[in-house]
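The values are calculated or read from the model by the stated rules, or taken from the named source; none is laboratory data. Quantities reported herein were computed from a predicted structural model and do not represent experimental measurements. Note that we place each Cβ from the backbone using ideal geometry, even for glycine, and neighbour counts take in every protein chain shown.
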Amino acid sequence: MAQNMQEILMELTEEVPGLLAAAVVGMDGLPVADVARGPVNIEQISAQMTLLIKLVETSTEKLDAGTVQDYLLTTDKAYLLLHFLGNTQYFLGMSADRSKTNLGKMRLYNRVFAEKLIAAMPR
């Protein structure tokens, strides 16, 4: 039986230690599915990250730097990783506590779960 996107994100939270939130977001800034540990305003963050993506894309186009594959924001407390899902209409966003997660493992699971989410998307 095929999983839905919400179930896949719940599974992702079990696999990535320190995961604070994860969401599948459309380029309109609206989350399609999301999970969060604690009080996180996913709708607001999704809209802001979508704006960031659009700003970075404008810069990479002007630099002729090629197609962006993913975005990694690193702070002293957290990692925020954004990865497009198959095309540029949706992305998987993940935020994790930097003291509790391994960045390499987070990136690996981001790619593995991106494939699961692509398969679960309505056609």
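Exactly one residue among Lys100, Lys105 is assigned to a helix (DSSP H, G or I) and in contact with a Pro (Cβ under 9 Å, 6 or more places away or on another chain), and that residue is Lys105. Looking at region 90-99, which of its residues are surrounded by 12 or more Cβ atoms within 10 Å (Cβ to Cβ) and not acidic (Asp, Glu)? Selection gives Tyr90, Phe91, Leu92, Gly93, Met94, Ser95, Ala96, Arg98. Just to check your reading of the model, which residue among Gly66, Gly86 is modelled with pLDDT under 95, over 13 Å from the mean Cα position of the chain (by Cα) and not in a helix (DSSP H, G or I)? That would be Gly66, the only listed residue that is modelled with pLDDT under 95, over 13 Å from the mean Cα position of the chain (by Cα) and not in a helix (DSSP H, G or I).
Looking across Leu30, Leu20, one residue alone is more than 23 Å from Leu108 (Cα to Cα), hydrophobic (A, V, I, L, M, F, W, C) and modelled with pLDDT of 95 or more. It is Leu30.
Scanning region 80-102 for residues that are out of contact with any Leu (no Cβ under 8 Å at 6 or more places or on another chain) and more than 21 Å from Leu30 (Cβ to Cβ) returns Arg98, Ser99, Lys100, Asn102. Do you know which residues across region 56-76 are out of contact with any strand residue (DSSP E or B) (no Cβ under 6 Å at 6 or more places or on another chain), closer than 30 Å to Lys100 by Cα and of a type outside the set (Val, Ile, Thr)? Once the filter is applied, which keeps residues that are out of contact with any strand residue (DSSP E or B) (no Cβ under 6 Å at 6 or more places or on another chain), closer than 30 Å to Lys100 by Cα and of a type outside the set (Val, Ile, Thr), region 56-76 yields Gln69, Asp76. For Leu52, indicate whether it is surrounded by fewer than 16 Cβ atoms within 10 Å (Cβ to Cβ), in a helix (DSSP H, G or I) and either without any contact (Cβ under 8 Å) to a residue 12 or more places away in the chain or touching a strand residue (DSSP E or B) at 6+ places or on another chain (Cβ under 8 Å) (or both). Criteria met by Leu52. Does region 10-25 include one or more residues that are β-branched (Val, Ile, Thr), within 14 Å of the chain's Cα centre (by Cα) and in a helix (DSSP H, G or I)? Yes, region 10-25 has at least one match.
Screening Asp34, Asp76 for residues that are of a type in the set (D, E, K, R), surrounded by 14 or more Cβ atoms within 10 Å (Cβ to Cβ) and not in a helix (DSSP H, G or I) leaves exactly one candidate, Asp34.
The numbered conditions (1) part of a helix (DSSP H, G or I); (2) out of contact with any helix residue (DSSP H, G or I) (no Cβ under 6 Å at 6 or more places or on another chain); (3) within 24 Å of Glu7 (Cα to Cα) are all true for Glu61 except (3).
Residues in region 73-87 that are under 22 Å from Val32 (Cβ atoms) and either among the aliphatic types (A, V, I, L, M) or touching a residue at least 40 places away in the same chain (Cβ under 8 Å) (or both): Leu73, Leu80, Leu81, Leu82, Leu85.
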